[in-house]
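The values are calculated or read from the model by the stated rules, or taken from the named source; none is laboratory data. This one's a predicted model, so the numbers in the text were calculated from it and none came from an experiment. Cβ coordinates were reconstructed from backbone atoms using ideal geometry, including for glycine residues, and neighbour counts include every protein chain displayed.
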Amino acid sequence: MYEARDYDDLIDHPVAMGEAIERVPFSVRDVPHAFVLLGSHDADTRQLAIDLAAICEAQAAVFGELPARQYLFLANIMARGFGGLEHRESSVLDVARNALPSAARVAATGRRDPAYETLLGLASHEYFHLWNVKRIRPAAVAASDLAGEAYFRDLWAYEGVTSYYDDLGLVRAGVITEQSYLDRLAKLATRIERTPGRHRQSLAESSFDAWLKFYRPDENTPNAVVSYYGKGAQLALGLDLKLRLETEGRVSLDTVMRAVWQRYGRDDAPVPENALARLAADVSGLELADFFDLHLNTTADAPWADFLGDFGIRALARPAADDAAVVRGRMGLSRESPSSARITHVVDDGPAQRAGLSPGDRLLALDGIEMAEELASQLARYPAGACLRVHVFRDDRLLTRDVTLAGDAAPEWHLSIDETADATAHARRAAWLHRESRAD
């Protein structure tokens, strides 16, 4: 017989039934865990258990304790899919079958597959929510009767901070290398850099407007919205490095998260708005009011790169070479895919918008020449400032527009370890990333 403490407890425990179910058990701090595969698969379950145990331990170490009686990852195996939903003692994941670990693939390449590493990042993210969201709960969520949306201005402190710790947990667990982690930070930075909405919406506004805008996207969303997941993760990174640097390693974001846990989460006490910002100042002894005001209430870029040099890391942004980045940078538009003619997004105040092109238009020809599948190579024939006559279909109407090309492709960030940095910088990085010898 199964019992639930109350209705909230009941709906927070998902149930899976069927024949094609396999449990992959492992233990973390003497608490039983399992990755439950729902569907047919050929996964290397031994590797899965080893990697997940290391990741879960790395996340538990942030808070110093593991409050769950047991924990299950319920993985819906499908042809294509990605996503997760957190619960107090479980999470439900949508997992693409080819993202599961394969012993043959590792033997052939000598490393984990990138899709599998992404799956581990998802599991790391949902597991961190065991503390941050499910027990460290925003007061607005705690007070909600589930009949309507809960609005609050520091959602970034829950989803953004968790997004920061998901990949950080992978490198601390030793399942990815330091360079792999830096590559992931660079990929996030590139995505945020290419989001015009970061100049329109503050992080506090993004948090508050989640139900109104983030979960109701349209073709103008990239121009109007910035993700509290992505930019929130960047702010968490900048805050972590700032705390480590300015307290000479005495305080970090780990210290702050443990303080939040001890003050609120351990006893399931609702967390008042902006509690993380206040606790960061209290624990560190630093004056952080202006820092948080700037980065939460204005559209200033998150300070994620400001301190990397002090940790022996080089950060460089340069024009990207891929087709999508070239087309986005030079024409100010995005398409469904590199081979697609359909415009999905037009960048605010970019060449395409100034010329009158719109999402939904289908590109046909540039200067009378049929649009090539490799549009970037076609654009390479023209210098910055060149005016191209562009033919498009809008619904069933043929239109002509003149587009004046910009000079550069959209930017791409690159991070690397600076081997010339001094020993102090390398020591700071080691203390931050807690690198172990398991990465392969």
ask   = Looking at (1) under 22 Å from Thr177 (Cβ atoms); (2) at pLDDT 95 or above, can you tell me which one His434 breaks?
value = (2)
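Is it fair to say Asp42 is in the same structural domain as Asn76 (by TED's automatic domain parsing), farther than 20 Å from Ala68 by Cβ and either in contact (Cβ under 8 Å) with a residue 12 or more places away in the chain or surrounded by fewer than 15 Cβ atoms within 10 Å (Cβ to Cβ) (or both)?
yes
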note = Here the residues within the range 396-433 that are surrounded by 13 or more Cβ atoms within 10 Å (Cβ to Cβ), closer than 16 Å to Arg314 by Cα and either free of Cβ contacts under 8 Å to residues at least 40 places away in the same chain or touching a Leu at 6+ places or on another chain (Cβ under 6 Å) (or both) are His414, Leu415, Ala427, Ala430
task = Please enumerate the residues belonging to the range 49-83 that are farther than 15 Å from Val24 by Cα and either in contact with a strand residue (DSSP E or B) (Cβ under 8 Å, 6 or more places away or on another chain) or at pLDDT below 95 (or both).
result = Glu57, Ala60, Leu66, Ala68, Arg69, Met78, Ala79, Arg80, Gly81, Phe82, Gly83
query = Out of the range 270-291, which residues are free of Cβ contacts under 8 Å to residues at least 60 places away in the same chain and in contact with a strand residue (DSSP E or B) (Cβ under 7 Å, 6 or more places away or on another chain)?
reply = none
task = State which residue is farthest from Ser163 (Cα to Cα) when the search covers only the range 203-228 and only residues that are among the hydroxyl-bearing types (Ser, Thr, Tyr) and surrounded by fewer than 20 Cβ atoms within 10 Å (Cβ to Cβ).
result = Thr221
query = What about Val225, is it within 25 Å of Leu357 (Cβ to Cβ) and modelled with pLDDT of 95 or more?
reply = yes
inquiry  = Which condition from (1) modelled with pLDDT of 95 or more; (2) of a type outside the set (Asp, Glu); (3) under 28 Å from Leu279 (Cα atoms); (4) out of contact with any strand residue (DSSP E or B) (no Cβ under 9 Å at 6 or more places or on another chain) is the one that Arg191 breaks?
reply    = (3)
task = Could you identify the single residue in Ala123, Ala96, Ala108, Ala139 that is in contact (Cβ under 8 Å) with a residue 24 or more places away in the chain and either surrounded by fewer than 22 Cβ atoms within 10 Å (Cβ to Cβ) or in contact with a Pro (Cβ under 8 Å, 6 or more places away or on another chain) (or both)?
result = Ala139
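One line per residue, one yes/no per condition, for (1) touching a Gly at 6+ places or on another chain (Cβ under 6 Å); (2) charged (D, E, K, R); (3) surrounded by fewer than 20 Cβ atoms within 10 Å (Cβ to Cβ); (4) assigned by TED's automatic domain parsing to the domain that holds His391:
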{"site": "Arg328", "(1), (2), (3), (4)": "no, yes, no, yes"}
{"site": "Ile343", "(1), (2), (3), (4)": "no, no, no, yes"}
{"site": "Arg354", "(1), (2), (3), (4)": "no, yes, yes, yes"}
{"site": "Ser358", "(1), (2), (3), (4)": "no, no, yes, yes"}
{"site": "Ile369", "(1), (2), (3), (4)": "no, no, yes, yes"}
{"site": "Glu373", "(1), (2), (3), (4)": "no, yes, yes, yes"}
remark   = The number of residues in the range 1-31 that are in a helix (DSSP H, G or I) and touching a helix residue (DSSP H, G or I) at 6+ places or on another chain (Cβ under 9 Å) is 0
task = Kindly check whether there is at least one residue in the range 337-346 that is farther than 30 Å from Val171 by Cα, touching a strand residue (DSSP E or B) at 6+ places or on another chain (Cβ under 7 Å) and among the charged types (D, E, K, R).
result = yes
query = Of all strands (runs of 3 or more DSSP E) completely enclosed by the range 285-397, which ones contain at least 1 residues that are under 24 Å from Ala236 (Cα atoms)?
reply = 313-319
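For every residue, the table says whether it meets (1) among the polar types (S, T, N, Q); (2) closer than 25 Å to Gln201 by Cα.
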{"site": "Phe73", "(1), (2)": "no, no"}
{"site": "Leu93", "(1), (2)": "no, no"}
{"site": "Ala96", "(1), (2)": "no, no"}
{"site": "Gly110", "(1), (2)": "no, no"}
{"site": "Pro114", "(1), (2)": "no, no"}
{"site": "Ala147", "(1), (2)": "no, no"}
{"site": "Val161", "(1), (2)": "no, yes"}
{"site": "Gln179", "(1), (2)": "yes, no"}
